[in-house]
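Below are the structure tokens for one structure; questions will follow.
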Amino acid sequence: VQLQASGGGLVQAGGSLRLSCAASGIIFSQTNMGWHRQAPGKQRELVAIIASDGSIIYAGSVRGRLTISRDNAKNSVYLQMDSLKPEDTAVYYCNAIWRRVGYWGQGTLVTVSS
């Protein structure tokens, strides 16, 4: 299983970024996908999950600003990040739960300047 995340970068507060994660080695349409993040000096935390049936869960801190979506035809999950804040600065990790086993991508760094 491979998860390749991309799209991170440096953005000013209030700006937008779109993260992408391409998955291989799984039946993507049957896999729950998610984004987590880890800020410097903090534990990794859930950002959003999109289940194989399309249901979505967001962390309260990002609801209304970040949007998770998936494209089963492209084996990809996305995170549209709008109205970014400095506290959104973190390494963002793509996550897959396939046959009850969790897999992680390599992470992509998002830096939001004030």
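The values are calculated or read from the model by the stated rules, or taken from the named source; none is laboratory data. Model, not experiment: these values are computed from the prediction. Cβ atoms come from the backbone with ideal geometry, glycine included; neighbour counts cover every protein chain shown. Heads up: the accessible areas ignore ligands, DNA and RNA and are worked out on the full protein's heavy atoms, side chains in. Shrake-Rupley method; radii C 1.70, N 1.55, O 1.52, S 1.80 Å.
Relative to the Cα centre, what is the charge dipole magnitude of the stretch 46-90, using +1 at the beta carbon of each Lys and Arg, -1 at the beta carbon of each Asp and Glu, and rounding to the nearest 20 debye? If you can, show how the numbers build up before the last one.
Values: 5 positive and 5 negative charges, 6 e Å.
Around 20 debye, computed over the stretch 46-90.
Run the dipole for the chain about the Cα centre, Lys and Arg Cβ at +1, Asp and Glu Cβ at -1, nothing else charged, and hand back the magnitude in debye, nearest 20.
Details: 11 positive and 6 negative charges, 31 e Å.
It comes to approximately 160 debye.
Using Cα-Cα distances under 8 Å and only pairs 6 or more residues apart, what relative contact order does the chain have, in percent? Write out the running numbers ahead of the final one.
Numbers: 276 pairs, mean separation 41.8, N = 114.
Value for the chain: 37 percent.
Right, next: Can you give me the accessible area per residue for the chain, using a 1.4 Å probe, in Å²?
Details: 5970 Å² over 114 residues.
Result: 52 Å² of accessible area for each residue.
Mind pulling the per residue volume of the convex hull built on the Cα atoms of the chain? Å³ is fine. Could you put the intermediate results ahead of the total?
Values: hull volume 10.3 nm³, N = 114.
Cα-based convex hull of the chain, divided per residue, equals 90 Å³.
May I ask you to compute the full-extension gain from Arg63 to Gln12, defined as 0.36 nm times their residue separation minus their alpha-carbon distance, rounded to one decimal in nm? Walk me through the numbers before you get to the answer.
Values: separation 51, 0.36 × 51 = 18.36 nm, distance 1.95 nm.
So the extension gain works out to 16.4 nm.
Of all the accessible heavy-atom surface of the stretch 1-111, with the other protein chains kept in place and a 1.4 Å probe, what percent is carbon and sulfur? Walk me through the numbers before you get to the answer.
Values: 2770 of 5780 Å².
C and S atoms contribute 48 percent here.
Can you list the residues of the stretch 1-38 with backbone N under 19 Å from a point 7 Å past the Cα of Glu87, pointing along Cα to Cβ?
Residues 11-17, 36-38 qualify, since their backbone N sits under 19 Å from the label point.
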